[in-house]
Amino acid sequence: INYFTNAGLLIFVDNPLLFLPQATVSCVLYKGTTKVAIIDRKEFESDVLTNINNAMQFVERHINISAKIEGVQRQDVWEIPEVALREAIVNAVVHRDYLEKGARVTIEIFEDKICISNPGGLPNGLEAKDFGKYSLTRNPVLASLLLRTNYIEKLGTGVNRINNALINAKLPEASFEFNHFFRVTFNRLKGGQKGGQKGGQ
């Protein structure tokens, strides 16, 4: 008898929550800077790739996006680089502890920051002093599948890709926290929340 691995369930099954109910990506938009008033909330419960794309679309709806004209082409410029946000969301999905049933990947948008967190701190064998220097993947099969589908450009470069994108955009580097959870925080420009429409309209 052949069985799906957890990675196979997450990639190839339309509703992996039938088998892994903790495999949810939760997106929340708050009013202001605290977890008091919720403006918008979505729970994404499909396969991993669909969840990542839906989470990115949720973020896109609720941050400022301006237009830059290069030659005759219009280019959307996210207030926080799209590549940095995507990398953080993909990392949260790939590196979360799927044995932890009481928590989920969470993307929280506040007026002053965006926080992306997942259950499971640093993988066993990776010490805090080595964070960002070496790669140790908690879910290597899932990471390999996302690498082959081009959702990950190269294993072990996520932290550097995030901060390089922020530096190139002349923005503060992201902050990283890890204990039982792993959390990435992006600082938004003061007054950044403009109702979540493109161009800050």
- request: Exactly one condition in (1) at pLDDT below 65; (2) surrounded by 14 or more Cβ atoms within 10 Å (Cβ to Cβ) is not met by Gly199; state its number.
  value: (2)
Count of residues meeting criterion [open to solvent by less than 30 Å² (accessible area, probe 1.4 Å) and under 19 Å from Tyr151 (Cα atoms)] in the stretch 56-77: 3
- prompt: Applying the selection to the stretch 30-50, what residues are open to solvent by less than 50 Å² (accessible area, probe 1.4 Å) and basic (Lys, Arg)?
  reply: none
- prompt: Under 8 Å by Cβ, and 6 or more places apart or on different chains, what pairs join a residue from the stretch 58-76 that is assigned to a strand (DSSP E or B) with one that is at pLDDT 80 or above and aromatic (Phe, Trp, Tyr)?
  reply: Ile65/Trp78
Answer from Asn6, Asn53 - the residue that is modelled with pLDDT under 90, open to solvent by 20 Å² or more (accessible area, probe 1.4 Å) and polar (S, T, N, Q): Asn6
field: Meets criteria (farther than 21 Å from Ile107 by Cβ and modelled with pLDDT under 80) for Arg138
entry: no
- line: Flagged in the stretch 87-110 as without any contact (Cβ under 8 Å) to a residue 60 or more places away in the chain and surrounded by fewer than 20 Cβ atoms within 10 Å (Cβ to Cβ), in numbering order, are Asp97, Leu99
- prompt: Among Leu147, Leu155, which is open to solvent by 40 Å² or more (accessible area, probe 1.4 Å), modelled with pLDDT under 90, of a type in the set (A, V, I, L, M) and not in a helix (DSSP H, G or I)?
  reply: Leu155
query: Out of all the residues in the stretch 77-100, is one or more in a strand (DSSP E or B) and at pLDDT below 90?
result: yes
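The values are calculated or read from the model by the stated rules, or taken from the named source; none is laboratory data. Treat the numbers as computed from the prediction; the structure is a model and nothing was measured. Note: ideal-geometry Cβ built from the backbone for every residue, glycine included; neighbour counts use all protein chains shown. Protein only, heavy atoms only, side chains kept; ligands, DNA and RNA dropped before computing areas. Shrake-Rupley method; radii C 1.70, N 1.55, O 1.52, S 1.80 Å.
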